[in-house]
Amino acid sequence: MYDEQQQPEHGPLAGFTVGVTAARRAEELGALLQRRGATVLHAAALRIVPLADDGELLAATKELIDQVPDVVVATTAIGFRGWIEAADGWGLGEQLLDRLRGVELLARGPKVKGAVRAAGLTEEWSPSSESMAEVLDRLLEEGVDGRRIAVQLHGEPLPGFVEALRAGGAEVVPVPVYRWMPPEDIGPVDRLLDAVVSRGVDALTFTSAPAAASLLSRAEERGLLGEVLVALGHDVLPACVGPVTALPLQARGVDTVQPERFRLGPLVQLLCQELPGRARTLPIAGHRVEIRGHAVLVDGALKPVPPAGMSLLRALSRRPGWVVARAELLRALPGAGRDEHAVETAMARLRTALGSPKLIQTVVKRGYRLALDPAADAKYADA
């Protein structure tokens with residue numbers, strides 16, 4: 001029998017495929033996922049315009065040097081560092097730093113605070129929550145009427161932030177540190193969308209709101225938006241690094257999961273909890289069988305299964321212990337046509353992959369059934 005205390009040799013994400021939409025830090029996120037056993041499918045939904053090529057940033061920098069703001073809000077460490085480096089490249093670095101030394105400088109979180117101090121500056125305040133909402137509350141409590149406030153954008157919309165400041169009477173100068181553009185090669189994004197629709201991925205990760213918006217926009221262009229939204233609402237887990245990133249998905253009615261701390265590590269840990277928790281676990285023929293995305297755990301041992309076999313196994317597991325007709329199983333096979341022999345071939349490969357032929361019983365002239373343990377029959381009788 002399976003030992004519940006047995007320590008598996010595979011990672012918690014073994015048998016699951018996770019889609020990664022990030023452009024920045026995609027390798028880091030992919031490595032964290034793979035280290036925990038996941039198969040990773042990466043497609044950068046966006047690309048970042050190099051800072052030095054961005055005329056909008058140059059114009060905003062010159063404007064702030066000529067007309068010094070009262071407040072500067074730094075929102076990301078990479079964005080703030082990039083701004084200073086770009087200004088250096090334009091020969092404006094010292095002038096920009098000189099202006100920033102005389103203003104109220106607010107830093108959203110410890111990483112941004114570190115970037116501010118590395119530039120030789122000192123922030124006046126930083127929220128412990130790393131929340132832009134807390135930054136906004138502080139500014140509105142201080143009063144913003146007539147004040148000139150520069151906000152370092154970071155490629156993502158800041159919902160309501162700029163609007164609330166302007167409604168309070170502030171003059172807001174957006175500082176677009178880097179901009180998002182569609183990827184030059186749309187092929188990987190299309191392949192990822194196809195995998196979402198076909199349930200070839202078990203989870204889809206988002207680390208920026210523009211990436212989420214871009215992916216949904218591409219799905220709409222291809223006429224796949226409805227199918228993608230259905231997949232994200234049921235079979236494919238949408239995981240976002242934080243609430244701002246989730247907004248484009250929520251606007252389409254998609255519920256997402258998010259870690260308590262908005263970082264890549266906690267995002268991966270969240271997937272390590274959520275995905276195994278969504279797997280179907282059944283007591284079959286004296287074994288503990290856990291059905292994952294593209295593999296099965298039999299008594300804790302990882303058994304990779306071909307896509308056709310996984311389709312059959314999922315069809316059988318929807319009614320564990322009940323006979324499923326060959327015709328129904330044929331419909332579950334992708335692209336199998338009308339030949340029921342395809343079911344027999346896929347079933348033989350499935351049994352071989354599982355390494356325990358007795359898990360699936362053949363019922364002559366009727367079909368196949370999972371050999372559910374007798375004690376579990378009552379539990380699953382109405383499944």
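The values are calculated or read from the model by the stated rules, or taken from the named source; none is laboratory data. Note that this is a predicted model, so its numbers are computed, not measured. Because the Cβ atoms are built from the backbone with ideal geometry, glycine has one as well, and the counts that use them run over all protein chains shown. Surface accessibility is based on the protein's heavy atoms, side chains included, excluding ligands, DNA and RNA. Shrake-Rupley method; radii C 1.70, N 1.55, O 1.52, S 1.80 Å.
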Failed item, numbered, when Gly91 is tested on (1) more than 36 Å from the chain's Cα centre (by Cα); (2) within 23 Å of Arg166 (Cα to Cα); (3) outside any helix (DSSP H, G or I)
(2)
Which pairs turn up if I take residues in region 322-334 that are touching a residue at least 24 places away in the same chain (Cβ under 8 Å) and look for partners that are polar (S, T, N, Q) with beta carbon separation below 6 Å, at least 6 apart in sequence or on another chain?
Leu333/Ser311
Unique match (being more than 22 Å from Thr76 (Cβ to Cβ), touching a helix residue (DSSP H, G or I) at 6+ places or on another chain (Cβ under 9 Å), of a type in the set (A, V, I, L, M) and open to solvent by 30 Å² or more (accessible area, probe 1.4 Å)) among Leu204, Leu224, Leu229:
Leu229
Quickly run through region 147-157 and pick out the residues that are surrounded by fewer than 18 Cβ atoms within 10 Å (Cβ to Cβ) and either outside any loop (DSSP other than H, G, I, E, B) or touching a strand residue (DSSP E or B) at 6+ places or on another chain (Cβ under 8 Å) (or both).
Arg148
Any residue in region 119-132 that is surrounded by 21 or more Cβ atoms within 10 Å (Cβ to Cβ) and either of a type in the set (Lys, Arg) or without any contact (Cβ under 8 Å) to a residue 60 or more places away in the chain (or both)?
no
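Say we look at region 19-36 and pick out the residues that are touching a strand residue (DSSP E or B) at 6+ places or on another chain (Cβ under 8 Å) and part of a loop (DSSP other than H, G, I, E, B); which of these is surrounded by the most Cβ atoms within 10 Å (Cβ to Cβ)?
Initially, region 19-36 is screened for residues touching a strand residue (DSSP E or B) at 6+ places or on another chain (Cβ under 8 Å), giving 19-24, 26, 29-30, 33-34.
Next, from what is left, pick out any that are part of a loop (DSSP other than H, G, I, E, B): 21-24.
On the way: Thr21: 26, Ala22: 22, Ala23: 22, Arg24: 17.
Filtering first and then ranking leaves Thr21.
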Exactly one of these conditions fails for Leu136: (1) open to solvent by 20 Å² or more (accessible area, probe 1.4 Å); (2) under 25 Å from Ala213 (Cβ atoms); (3) within 25 Å of the chain's Cα centre (by Cα). Give me its number.
(3)
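Go over the candidates Leu51, Leu13, Leu41 one by one and state the one that is modelled with pLDDT under 90, surrounded by 14 or more Cβ atoms within 10 Å (Cβ to Cβ), touching a Gly at 6+ places or on another chain (Cβ under 7 Å) and not basic (Lys, Arg).
Numbers: Leu13 fails: modelled with pLDDT under 90; Leu41 fails: modelled with pLDDT under 90.
The conditions single out Leu51.
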Yes or no: Gly109 open to solvent by less than 10 Å² (accessible area, probe 1.4 Å), over 35 Å from the mean Cα position of the chain (by Cα) and not polar (S, T, N, Q)?
no
Take the residues of region 232-253 that are without any contact (Cβ under 8 Å) to a residue 40 or more places away in the chain and within 13 Å of the chain's Cα centre (by Cα): which is most open to solvent (accessible area, probe 1.4 Å)?
Pro243
Among the residues of region 343-368, write down those that are at pLDDT 90 or above, open to solvent by less than 50 Å² (accessible area, probe 1.4 Å) and either among the aliphatic types (A, V, I, L, M) or under 18 Å from Val298 (Cβ atoms) (or both).
Val343, Ala346, Met347, Leu350, Ala353, Leu354, Leu359, Ile360, Val363, Tyr368
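Report yes if Ala327 is of a type outside the set (Asp, Glu), surrounded by fewer than 17 Cβ atoms within 10 Å (Cβ to Cβ) and out of contact with any helix residue (DSSP H, G or I) (no Cβ under 7 Å at 6 or more places or on another chain), otherwise no. Reasoning before the result, please.
Details: of a type outside the set (Asp, Glu): yes; surrounded by fewer than 17 Cβ atoms within 10 Å (Cβ to Cβ): yes; out of contact with any helix residue (DSSP H, G or I) (no Cβ under 7 Å at 6 or more places or on another chain): yes.
Spelling it out, Ala327 is indeed of a type outside the set (Asp, Glu), surrounded by fewer than 17 Cβ atoms within 10 Å (Cβ to Cβ) and out of contact with any helix residue (DSSP H, G or I) (no Cβ under 7 Å at 6 or more places or on another chain).
For region 279-287, check the following and say yes or no: at least one residue is surrounded by fewer than 15 Cβ atoms within 10 Å (Cβ to Cβ) and not basic (Lys, Arg).
Just the residues of region 279-287 that are surrounded by fewer than 15 Cβ atoms within 10 Å (Cβ to Cβ), to begin with: 280-281, 286.
The next check asks that each one be not basic (Lys, Arg); those that pass are 281, 286.
Checked against the condition, which is being surrounded by fewer than 15 Cβ atoms within 10 Å (Cβ to Cβ) and not basic (Lys, Arg), region 279-287 yields at least one hit.
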Only one residue in Leu302, Leu271 is within 22 Å of Val40 (Cβ to Cβ) and modelled with pLDDT of 95 or more, so which one is that?
Leu271
